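The values are calculated or read from the model by the stated rules, or taken from the named source; none is laboratory data. Keep in mind the model is a prediction, meaning the values are calculated, not measured. Methodologically, a virtual Cβ is constructed for each residue, glycine included, from the backbone with ideal geometry; neighbour enumeration extends over all protein chains shown.
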Ligand SMILES: Cc1cc2nc3c(=O)[nH]c(=O)nc-3n(C[C@H](O)[C@H](O)[C@H](O)COP(=O)(O)OP(=O)(O)OC[C@H]3O[C@@H](n4cnc5c(N)ncnc54)[C@H](O)[C@@H]3O)c2cc1C
């Protein structure tokens, strides 16, 4: 006898949204999460996640992001929780870099609301920053920030309200597919389901060793700084930002607690050989490095970090995720490898995952996320 139609393994960003979508569509579904819901042990913690639509990673994401924004609002309506705040977003850098070119191409292809701000005007409007002569600011008006812990909790609770059963502190140890379905083993107990959706992020290689060479776990450090004048960094005055140069990528969000501002260096995150052994200590060198960037680039902040925490995400070699049915594993789907930029799109990814699990196809354009592409590092 089946315990459910579908099991979702890993209830983080993608798992919670897939559970929400599947339960909303009347599918009987089990969720398994090795920690608590809304935990900060993987990719989904740290107070805020940036939402951008003029996309540095490529214009092919824009339709997904627009649909994600609609679904964020739907989840807010269903749960009564505020999850996405659109206070705008500044993409800052040399317009000749690939990242900024992609931003401009996204804007042009989809007529996105924006402003290009440079020179004196930039420093007048955003006195928090110091700008290099070759840099411009591109204001993406439909960007902002998401509350990640509340988002995961909201989607999960909404799924439960629609009949999903979530096993918390239940680590899946094995997935055993056969012709008729899949057996999932968690905490030593077996569950029988029709299909399995694996959304284990940075932990994917632990559960699916064949993906060891394709999805690396990588470590990212988030840091927060006090401000000389915190009012300048309130959401209404300080859009989210991403600032790119060769040696760093500084990203951040306005103050959400009224005392500190997030600004983190997310360039070249280090490989984590064993996700179970993530080093959650932040070294002095790491703090000094980001402190130097903040000192140079955002003089409105006091460059001594007051908070730092460590997370990890699953990365692919081309920084695009994988979505699809796993070859050689009957009835098993994998949605992973979001490479440090997946949170904003999690509701639409949950919807696509539900399409694939239920119908075997989706109407969304996800060719660039094809699981069969060459992904070996
Ligand atoms: C520091 C940092 C900053 C980021 N900033 C942004 C941003 O500003 N904007 C943005 O869009 N994206 C951002 N991202 C990326 C985004 O957060 C991730 O891409 C996204 O959360 C990945 O979702 P996921 O579901 O694949 O993984 P996760 O959200 O990590 O969820 C995976 C879950 O699976 C569980 N799990 C794993 N193995 C098992 C098992 N065997 N059994 C049961 N449960 C298991 C884990 O405990 C975890 O809860 C950032 C990521 C990091 C790390």
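Key figures
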{"quantity": "Sole exception among (1) assigned by TED's automatic domain parsing to the domain that holds residue 260; (2) over 22 Å from residue 46 (Cα atoms) for residue 362, by number", "calculated": "(1)"}
{"quantity": "All positions within segment 194-218 that are away from the ligand (no atom under 14 Å from the Cβ) and at pLDDT 95 or above", "calculated": "194, 195"}
{"quantity": "Test: residue in segment 296-305 that is in a helix (DSSP H, G or I), in the same structural domain as residue 226 (by TED's automatic domain parsing) and closer than 30 Å to residue 14 by Cα", "calculated": "no"}
{"quantity": "Test: residue 106 is assigned by TED's automatic domain parsing to the domain that holds residue 205 and within 21 Å of the chain's Cα centre (by Cα)", "calculated": "no"}
{"quantity": "Residue check for residue 310: in contact (Cβ under 8 Å) with a residue 40 or more places away in the chain and either more than 16 Å from the ligand (Cβ to nearest atom) or not in a strand (DSSP E or B) (or both)", "calculated": "no"}
{"quantity": "The one condition in (1) under 20 Å from the mean Cα position of the chain (by Cα); (2) touching a residue at least 24 places away in the same chain (Cβ under 8 Å) that residue 267 fails to fulfil", "calculated": "(2)"}
{"quantity": "Residue match in segment 298-306 (condition: within 16 Å of the ligand (Cβ to nearest atom) and touching a strand residue (DSSP E or B) at 6+ places or on another chain (Cβ under 8 Å))", "calculated": "yes"}
{"quantity": "Cβ pairs under 6 Å, 6+ apart, first in segment 133-154 and farther than 30 Å from residue 120 by Cβ, second away from the ligand (no atom under 14 Å from the Cβ) and part of a loop (DSSP other than H, G, I, E, B)", "calculated": "150/81; 154/81"}
{"quantity": "Positions within segment 362-377 being within 16 Å of the ligand (Cβ to nearest atom) and modelled with pLDDT of 95 or more, in sequence order", "calculated": "366, 368, 369"}
{"quantity": "Qualifying residue in segment 147-154 (condition: out of contact with any strand residue (DSSP E or B) (no Cβ under 7 Å at 6 or more places or on another chain), over 29 Å from residue 62 (Cα atoms) and assigned to a loop (DSSP other than H, G, I, E, B))", "calculated": "no"}
{"quantity": "Close pairs (9 angstrom Cβ cut-off, 6 or more residues apart or separate chains): more than 23 Å from residue 70 (Cβ to Cβ) and assigned to a helix (DSSP H, G or I) in segment 330-347, modelled with pLDDT under 95 and within 6 Å of the ligand (Cβ to nearest atom) anywhere", "calculated": "none"}
{"quantity": "Residue 285 being more than 18 Å from the chain's Cα centre (by Cα), free of Cβ contacts under 8 Å to residues at least 40 places away in the same chain, within 16 Å of the ligand (Cβ to nearest atom) and within 30 Å of residue 227 (Cβ to Cβ)", "calculated": "no"}
{"quantity": "Residue among 12, 45 that is within 11 Å of the ligand (Cβ to nearest atom), crowded, with 18+ Cβ neighbours inside 10 Å, at pLDDT below 95 and under 14 Å from the mean Cα position of the chain (by Cα)", "calculated": "45"}
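Condition check ((1) surrounded by fewer than 17 Cβ atoms within 10 Å (Cβ to Cβ); (2) at pLDDT below 95; (3) within 10 Å of the ligand (Cβ to nearest atom)) across all residues:
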site: 319; (1), (2), (3): yes, no, no
site: 328; (1), (2), (3): yes, yes, no
site: 344; (1), (2), (3): no, no, yes
site: 350; (1), (2), (3): no, no, yes
site: 357; (1), (2), (3): no, no, no
site: 360; (1), (2), (3): yes, no, no
